[in-house]
Amino acid sequence: MTDALYLHDAYARTFDATVIAVGPEGLRLDRTLFYPTGGGQPDDRGVLHTAAGTCLDVTSVAKVEGEIVHRVAPGATLPAVGDRVRGELDWARRFWHMRGHTAVHILSGAVYHDLHAGITGGQIGEGSARMDFAMAEFSRPLAEQLVARVAEVVAQDLPVEVRFVPRAQVGQDPGLVRVASELLPDVDPVRLVDIRGFDVQADGGTHVRSTGEVGSVTLDRLENKGAKNKRLYLRIGEAPSSPGPSG
Ligand SMILES: [Zn+2]
């Protein structure tokens, strides 16, 4: 089992690890900062430096039967089980995803608290994010209003905190588990992402440390995906300032 370091520290960019498995699917490490595709957040990219001096390009990261697998570009000499590696994230890509993920949570908080509508899915990209919610009627003015609410929460620069609580506690509060696809089954404790004073959700993604780091969020477009499913696309601007590494 890999220690998923990104769950505890979203700002760390480099790490040292030991190879615990090498297979046709890729490498498994005893610990990693590489986020695997899931919960609407794309996987991390970057490199693994081996002790032998090889630099392996990480081309995708996925959870395969519950295990985090790092796929690397073909042709390279792979390390052996027990070898040490140093991982380094493509930070620009990851930081886009952190900002987008927090933007989506602010939006979902606004939809949930202000409109009392359910969220059915979401997807984060670089410079964009979309969210689907279960609403029969939706309009451009309503979307503008939601996005203005998101911008307001960004301007408030609220702290975003991660904490772990026993699963039994979450089971009693359906408001915490809003997007079913984001909650990994059978996890205990459950990880909560708390936008202080605004919204709390069960979530396994990586987030910025305060809403101000999300920066500019604007409405891109709306799509009608059916009688009870509406899709909203956000545009995320360039980072307002370059983030410091975690201390
Ligand atoms: Zn999330």
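Every number here is computed from the coordinates shown, using simple stated rules; none is lab data. The model shown is predicted, which means the values in this text are computed figures rather than measured ones. Every residue, glycine among them, receives a Cβ derived from its backbone with ideal geometry; neighbour counts consider all protein chains shown.
Observations on the model:
- With the convex hull constructed from alpha-carbon coordinates only, the stretch 114-176 shows a mean projected area of 6.2 nm² over all directions.
- Loop-exposed GluC sites (Glu not before Pro) per DSSP, neighbour cap 11 Cβ within 10 angstrom, longest uninterrupted part of the chain: 138-237
- Cross-link partners of K230 among aspartates and glutamates, defined as those whose alpha carbon lies under 13 angstrom from its own and excluding same-chain residues fewer than eight positions apart: D132, E137.
- Relative contact order (%) - criterion: Cα under 8 Å, at least six apart; region: the stretch 1-114: 28
- Backbone amide hydrogens, once placed in the peptide plane, bring V58 within less than 5 Å of G46, V47, L48, excluding anything fewer than 5 places away on its chain.
- Principal-axis tilt of helix 91-110 within the chain, Cα atoms, nearest 10 degrees: 30
- When the chain is described by a simple charge dipole with +1 on each Lys and Arg Cβ and -1 on each Asp and Glu Cβ, the residue from G127, G82, A4 located farthest towards its positive end is G127.
- Highest-MSF residue in the chain out of G23, G109, G87 [GNM, Cα springs under 10 Å]: G23
- Taking max minus min of the alpha-carbon positions on each principal axis, the chain gives extents of 58, 39, 37 Å, largest first.
- Calculated from backbone phi, Karplus (6.51, -1.76, 1.60) coupling profile of the stretch 221-231 in Hz, x at Gly/Pro: 7, 10, 9, 8, 9, x, 4, 10, 9, 10, 10
- Computed FRET value (nearest 0.05) for K228 with T59, which takes r as the C-beta separation and R₀ as 30 Å: 0.20
- With respect to the chain, whose longest principal axis is taken over its alpha-carbon atoms, helix 140-156 is tilted by about 60°.
- Cα-only radius of gyration and Dmax that characterise the stretch 1-111, units Å: 14.4, 51
- Label-point separation in nm, V187 to D157, each point 7 Å along Cα→Cβ: 3.0
- Comparing V154, V165, V111 in a Gaussian network model of the chain where C-alpha atoms under 10 Å apart are linked, the largest mean-square fluctuation is found at V165.
- Radius of gyration and Dmax over the Cα atoms of the stretch 93-135, both given in Å: 10.7, 32
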